[in-house]
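Notes to accompany the following structure.
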Amino acid sequence: MFAPEHHAPRSGERPLDPETERLAALLAQAPLFNGLAHDEIVHFTRGVREQKVEKGVVLFHRGDPCHGFHLVLAGQIKLAFTSADGHEKVIEIIRAGQTFGEAVMFMDKPYVVMAQALTDSTLLHISKHVMFDEMGRDPMFCRKIIAGLAQRLHHLIADVETYSLRSGRERIIGYLLREDELDGEGHASGAVSLRLPTSKGTIASRLNLTQEHFSRILHELIDAGLIEVEGRTIHIPDIGRLRKSLN
């Protein structure tokens, strides 16, 4: 979870109340607010509400009205479609530091997906009214929002390319390599152990694979000596060899 940083008031400034100071410090840790001065971030706190949700809690359903967007402070949130017969397609897994819901907020439309906590999670909900007010005051912040939405679109296009052009085996290996990078390591070679962030079924859906296909490919990778599986922990004897297997 983010570690809030506290700022002493400048000379002549009215001290902030502790709750406003705490929320501003939490917002300051998010990439979206990087580069904003502390007093600029404080403006957003009037539209911020903290939410603590337990694993399995649904934050919103498809068709619910959107009144703002969310910033994940700790935990993981799943965005998914659910069909009439109960089948689910995971669109994205949102982690600490990431936001979701901005595009729907700007479109002034209901949510098109559902959001559910994969783990006990802490989030901030930022009201669309305060966002619109602050964007009207700061053109540079508008550019940052647009850049974030463009990056999300780029990732969506990359997902479509992956599903269309890459085999299930390539998707799973690519996923494991990305998990290593997200852990802040990005090993070039050697043994690596990764803890899957959620269930294999959820990851399979995220990769547009059935759970059976996902499990079958894992067994093929085990038989090839590329990975070892221990529950949700994946041991990779040589990540360099796993990476080369994509070629």
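Inside segment 1-53, can you point out the residues that are at pLDDT below 60 and aliphatic (A, V, I, L, M)?
M1, A3, A8
If a residue must be buried (at least 18 other Cβ atoms within 10 Å of the Cβ) and free of Cβ contacts under 8 Å to residues at least 24 places away in the same chain, how many such residues does segment 34-51 contain?
1
Provide a single number: the residues in segment 127-140 that are open to solvent by less than 60 Å² (accessible area, probe 1.4 Å) and free of Cβ contacts under 8 Å to residues at least 24 places away in the same chain. Steps first, please.
To start, the set of residues in segment 127-140 that are open to solvent by less than 60 Å² (accessible area, probe 1.4 Å) comprises 127-128, 130-131, 134-135, 138.
Narrowing further to those that are free of Cβ contacts under 8 Å to residues at least 24 places away in the same chain: 135.
Residues flagged as open to solvent by less than 60 Å² (accessible area, probe 1.4 Å) and free of Cβ contacts under 8 Å to residues at least 24 places away in the same chain within segment 127-140 amount to 1.
Give R216, R178, R206, R143 a once-over and let me know the one that is of a type in the set (D, E, K, R), under 18 Å from the mean Cα position of the chain (by Cα) and surrounded by fewer than 17 Cβ atoms within 10 Å (Cβ to Cβ).
R178
Quick one: what pairs do we get from segment 176-192, first residue assigned to a helix (DSSP H, G or I), second modelled with pLDDT under 80, C-beta under 8 Å, 6+ apart or different chains?
Note: pairs meeting the criteria are D180/G186; D180/H187.
Listed residues G231, G240, G190; which is within 19 Å of L118 (Cα to Cα), modelled with pLDDT under 95 and open to solvent by less than 60 Å² (accessible area, probe 1.4 Å)?
After applying the criteria, what remains is G231.
Are there any helices (runs of 4 or more DSSP H) wholly within segment 90-169 with 1 or more residues that are hydrophobic (A, V, I, L, M, F, W, C) and at pLDDT below 85, and if so which? Don't jump to the end; show me each part of the working.
On the way: elements: 102-107, 128-137, 139-165.
Counting at least 1 such residues, we get 139-165.
Residue by residue through segment 52-76, note down the ones that are of a type in the set (G, A, S) and crowded, with 18+ Cβ neighbours inside 10 Å. Explain how you work it out, then say what you get.
Restricting attention to segment 52-76, the residues satisfying the condition of being of a type in the set (G, A, S) are 56, 63, 68, 74-75.
G68, G75 - these are the residues of segment 52-76 that are of a type in the set (G, A, S) and crowded, with 18+ Cβ neighbours inside 10 Å.
Filter segment 146-165 down to the residues that are open to solvent by 100 Å² or more (accessible area, probe 1.4 Å) and within 24 Å of Q76 (Cβ to Cβ) and list them by number.
Q151, H154, I157, listed by residue number.
Kindly provide the set of residues from segment 86-106 that are closer than 23 Å to L207 by Cβ and among the charged types (D, E, K, R), ordered by number.
Listed by number, the residues that qualify are E88, K89, E92, R95.
Across segment 52-80, what is the number of residues that are basic (K, R), under 18 Å from I93 (Cβ atoms) and in contact (Cβ under 8 Å) with a residue 60 or more places away in the chain? Quick ask: steps written out before the conclusion?
Residues of segment 52-80 that are basic (K, R), as a first pass: 52, 55, 62, 78.
Okay, now just the ones that are also under 18 Å from I93 (Cβ atoms), so 55, 62, 78.
In the following step, the residues that additionally are in contact (Cβ under 8 Å) with a residue 60 or more places away in the chain were identified as 55, 78.
Of the residues in that region, 2 qualify.
The values are calculated or read from the model by the stated rules, or taken from the named source; none is laboratory data. Being a predicted model, the structure only gives us computed values, none of them experimental. Using ideal geometry, Cβ is built from the backbone for each residue, glycine included, and neighbour counts are taken over all protein chains shown. Surface areas here come from the heavy atoms of the whole protein model, side chains and all, with no ligands, DNA or RNA. Shrake-Rupley method; radii C 1.70, N 1.55, O 1.52, S 1.80 Å.
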